[in-house]
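One structure is given here, and the rest of the page talks about it.
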Amino acid sequence: RSSDLEGWQSDQFTGTGEFALNFGNYNVKITLPSDFVVGATGVCQNYLTTLSAAQRLRWQKAQSASEPVEIVTLEEAKANEAKEKAKTMKTWVYKAENVRDFAWTASRKFIWDAMAVNNEEGKKVMCMSYYAKEAYPIYRRYSTKAVAHTLKTYSKYSIPYPYPTAISVEAQNGMEYPMICFNPGRAEEDGTYSEGAKNAALTVIFHEVGHNYFPMIINSDERQWAWFDEGINTFMQYLAEQEWDNNYD
């Protein structure tokens with residue numbers, strides 16, 4: 001990695017301290033079996049060839065929706081997971097501008113929902129979530145709304161969100177990258193969940209989406225200044241929690 005301040009460095013990734021990278025533009029092609037659903041940093045350039053006609057209509061509806069719209073539905077995800085694995089391939093094309101890193105996710109199991117919000121400058125941001133059926137009870141109800149709430153709160157207290165997308169992906173642990181982050185949130189096998197499980201998911205979503213600001217946009221170096229990354233982001237996370245629910249535990 002390199003920085004204008006210190007030049008080239010060879011510090012290794014440790015799990016608790018990320019790479020700090022220069023900003024760049026990405027044009028990425030991801031070729032996978034055709035039954036995979038892909039999400040990534042940036043904006044997909046070819047939904048015309050990667051989505052079905054029905055899914056494209058839902059995507060258009062999500063552009064002005066005030067509630068999350070399922071682009072890939074629960075029923076489609078269950079059917080996709082159950083059927084024989086695809087033998088044909090499909091390429092997803094993503095472009096991202098002025099980001100310090102690129103990350104992506106893919107699964108045959110994904111449900112995908114989305115809704116649009118406008119930042120303080122009037123620019124549209126697509127807030128989205130990708131998740132397996134095991135997370136549906138929590139994620140369908142809360143995840144994308146939590147993404148939108150994080151952008152609203154952080155933008156109010158810091159700077160307008162500059163990117164066109166913000167994504168929450170259901171995963172085992174929390175981890176952040178530009179425009180996309182990974183967060184836990186599965187329900188019990190019978191579909192129920194506790195208030196604690198719901199709040200645990202919300203807390204991590206607020207926190208990991210919040211990392212878009214610190215360090216992704218500000219581009220601080222967590223290896224050198226962890227307080228600036230985790231410290232400020234955690235403070236902002238608490239504000240987001242209280243503005244979500246003033247009785248938040």
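Of all residues in segment 95-120, count the ones that are of a type in the set (Ser, Thr, Tyr) and over 20 Å from Lys29 (Cα atoms).
0
Return the pairs, sorted by first residue and then second, in which the second residue is small (Gly, Ala, Ser), the first residue lies in segment 151-162 and is within 17 Å of His207 (Cβ to Cβ), the beta carbons are less than 8 Å apart, and the residues are 6+ apart or on different chains.
Leu151/Ala166; Thr153/Ala240; Tyr154/Gly210; Tyr154/Ala240; Tyr161/Ser155
What pairs can you find where one residue is in segment 132-148 and farther than 18 Å from Asn173 by Cβ, the other is of a type in the set (Asp, Glu), and their Cβ atoms are less than 6 Å apart, with a gap of 6+ or different chains?
From residues that are farther than 18 Å from Asn173 by Cβ, the pairs are Thr144/Asp113.
Considering only residues that are part of a loop (DSSP other than H, G, I, E, B) and either open to solvent by less than 10 Å² (accessible area, probe 1.4 Å) or touching a residue at least 24 places away in the same chain (Cβ under 8 Å) (or both), which ones fall in segment 190-217?
Listed by number, the residues that qualify are Gly191, Thr192, Tyr193, His211.
Look at Asn173 and say whether it is buried (at least 22 other Cβ atoms within 10 Å of the Cβ), under 25 Å from Gly39 (Cα atoms) and touching a strand residue (DSSP E or B) at 6+ places or on another chain (Cβ under 8 Å).
It is false that Asn173 is buried (at least 22 other Cβ atoms within 10 Å of the Cβ), under 25 Å from Gly39 (Cα atoms) and touching a strand residue (DSSP E or B) at 6+ places or on another chain (Cβ under 8 Å).
Please count how many residues of segment 19-35 are outside any strand (DSSP E or B) and at pLDDT 95 or above.
Going through segment 19-35 one residue at a time, the tally reaches 2.
Which of the residues belonging to segment 91-104 are hydroxyl-bearing (Ser, Thr, Tyr) and surrounded by fewer than 20 Cβ atoms within 10 Å (Cβ to Cβ)?
Thr91
Based on this model, can you work out whether Glu208 counts as modelled with pLDDT under 95 and under 23 Å from Val169 (Cα atoms)?
In short, no.
So Gln60 clears everything in (1) of a type outside the set (Gly, Ala, Ser); (2) surrounded by 14 or more Cβ atoms within 10 Å (Cβ to Cβ); (3) at pLDDT 95 or above; (4) over 19 Å from the mean Cα position of the chain (by Cα) except one condition, right? Which one?
Among (1) of a type outside the set (Gly, Ala, Ser); (2) surrounded by 14 or more Cβ atoms within 10 Å (Cβ to Cβ); (3) at pLDDT 95 or above; (4) over 19 Å from the mean Cα position of the chain (by Cα), the lone unmet condition for Gln60 is (2).
Out of the residues in segment 107-125 meeting the condition of being under 15 Å from Ile71 (Cβ atoms) and in contact (Cβ under 8 Å) with a residue 60 or more places away in the chain, tell me which one is surrounded by the fewest Cβ atoms within 10 Å (Cβ to Cβ).
Among them, the one singled out is Ser107.
Against the definition (basic (Lys, Arg), modelled with pLDDT of 95 or more and under 16 Å from Asn183 (Cβ atoms)), how does Arg108 come out, yes or no?
no
Among the residues of segment 35-57, which ones are within 19 Å of Ala86 (Cα to Cα), touching a residue at least 40 places away in the same chain (Cβ under 8 Å) and exposed (fewer than 15 other Cβ atoms within 10 Å of the Cβ)?
Listed by number, the list holds a single entry, Thr49.
The values are calculated or read from the model by the stated rules, or taken from the named source; none is laboratory data. Note that the structure is predicted; figures quoted are calculated from it, not measured. All Cβ positions, glycine included, derive from the backbone under ideal geometry; neighbour counts span all protein chains shown. What goes into the accessible areas is simple: the full protein's heavy atoms, side chains included, and nothing from ligands, DNA or RNA. Shrake-Rupley method; radii C 1.70, N 1.55, O 1.52, S 1.80 Å.
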